[in-house]
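**Student:** Sharing a structure, written as structure tokens. Questions coming.
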Amino acid sequence: LQHLATFIMDKSESITTVDDAIRKLILLNSKEKIWTQEMLLQVNDKSIRLLDCETQEELEDFPLPTVQHCQTVLNQMRYSSILLLVCQDSEQHKPDIHFFNCDEVEAEMVHEDIESALADHKHGKKIRPQTLKANQEKIKQRQSILPPPQGPAPIPIQHDMRGSAMNRNRVAPPSQHDPDYERRGSGSHDHEESRAMLAQKIEKETQILNCTLDDIEVFVARLQKAAEAFRQLNQRKKGKKNKKKGPAEGMLTLRARPPSEAEFIDCFQKTKLAFNLLAKLRKHIQNPSASELVHFLFGPLELIINSCGGPELARSVLSPLLSKDATDFLRGHLTPKEINLWDSLGETWTRSRAEWPRDANIPTYIPKFRNGWEPPTEIPVGAPWERDIGHLQEELSSANGYPYRNSSLKRGQTAEQTQAGDAFKQNVTPHGNR
């Protein structure tokens, strides 16, 4: 399951009832301020345990007598199957309310299991084995109906998405059935073929751009989640007389764990890839434009640099280099503050591929995306991210454009960005070329 949030039942936080806590969770969800954390939940005859999925390390152990309340919250937000636990041990002045999204085993089943364990512990009954058996039967029935997953599904090519909700989070590729597109395509058969190839190329590259920006957003959300957990940990530790781990601190410690160095490097590479693609597709992107998206990217870029202690790690990221189109595009559109940040990253970011020796050993960059989708094999050959756009025809530049969402990547530094920097500043040693 996924831990969504933990609140203290406290008047100062305007949370005095379970319903208050649910309303706060719904409010955070509407503002996209919920960051999930995968973990395992185990129920036994003495306690409810939460474990780290990767290490199996115990994060929390809630003895059954400390569990005051358990219920489900169904279909009230995008997390449709939520389990809620209210816990308070003898050393806590106020109870904690924990929310979990149950994605594999639905919340009703987990709720029934916990309630049966609580009843057995309180009344000395033995009803939990029957509950477990009934739940196992339900799971078997579902598995017999639903086919097993076949691995990550390919991302479908979306056509004619103007005006749809997808505008908010996708670059829409050109529609072959657009009347304007067809009028511009009048001419010889060879010309039609070349235009079709160009449209297909743009379509593939907008798809790669979508995946790239999505992964950058996910990484930024992880930093924000960790910064918020770090803040909550500090609040809980204030005034503590002993160093013993308190309730909920195990979960918060896991949530506050920063991404690995390799994950920071991956995000820096994808940021460079996004600059190259935005420069290449700049005449085919509207609402917002490529220049607006570049501005959106510089806010997260500043956060990420601050979070790893400075620009040294970013400077070590060689591949992919920027194309000359990309460096010219950035020089022509960045604000003075953004220019200063970009220049601080050094020549691996500011010197275009055309300015490097032809025989320089620059590794080919092949991105790997979180959703499992892989770019078509012909695209990474020859480091296309670093090629300039001169060979592309300009005939599609007057198209209606391929609307891109008003990304949640915001320009400027927020309080959360400052917290993230405070939480993760560390000394990073220079690395070899990547």
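**Student:** Lys and Arg at +1, Asp and Glu at -1: add these up for the other residues within a Cβ distance under 12 Å of Phe62 and post the number.
**Tutor:** Working: positive: Lys46, Arg49; negative: Glu58, Glu60, Asp61, Asp89, Asp96.
That sum, taken over residues with Cβ under 12 Å, equals -3.
**Student:** Give me, ordered by chain and number, the residues 5 or more places off Ser352 or on other chains with an amide H under 5 Å from its own placed amide H.
**Tutor:** Result for Ser352 returns nothing.
**Student:** Quick check: Cα centre of region 42-93 to Cα centre of region 326-369, how many Å?
**Tutor:** Using only Cα atoms to place each centre, the spacing works out to 47 Å.
**Student:** Using each residue's phi in region 331-338, evaluate 6.51 cos²θ - 1.76 cosθ + 1.60 at θ = phi - 60° and report the 3J(HN,Hα) Karplus result to the nearest Hz, with x for Gly and Pro.
**Tutor:** Computed from phi, the couplings for region 331-338 are 4, x, 10, 6, 6, x, 5, 5 Hz.
**Student:** Pop a pseudo-label 7 angstrom from the Cα along the beta-carbon direction at both Ser144 and Ile26 and give the gap in nm to one decimal.
**Tutor:** Each label point lies 7 Å from its Cα, and together they span 3.8 nm.
**Student:** What list of ³J(HN,Hα) values in whole Hz, one per residue of region 260-275 in order, does the Karplus curve 6.51 cos²θ - 1.76 cosθ + 1.60 (θ = phi - 60°) give from phi, with Gly and Pro shown as x?
**Tutor:** 6, 4, 4, 6, 4, 4, 4, 5, 4, 4, 5, 5, 5, 4, 4, 4
**Student:** If you take the alpha carbon radius of gyration of region 2-145 and divide it by 2.2 N^0.38 Å, what ratio comes out, to two decimals?
**Tutor:** Its radius of gyration relative to the 2.2 N^0.38 Å reference: 1.07.
**Student:** Under 27 Å Cα-Cα from Lys272, which lysines qualify once same-chain neighbours fewer than 8 residues away are excluded?
**Tutor:** Lys33, Lys201, Lys204, Lys225, Lys280, Lys283, Lys324, Lys337, Lys368, Lys410, Lys425
**Student:** For a Förster distance of 51 Å, can you work out the FRET efficiency between the beta-carbons of Ser289 and Arg358, rounded to the nearest 0.05?
**Tutor:** Working: r = 33 Å, r/R0 = 0.65.
Calculated transfer efficiency: 0.95.
Bear in mind these aren't lab numbers, they're just calculated from the coordinates by the rules spelled out. Values in this document were obtained by computation on a predicted structure and should not be read as measured data. Positions of Cβ are backbone-derived with ideal geometry, glycine not excepted, and every protein chain shown enters the neighbour counts.
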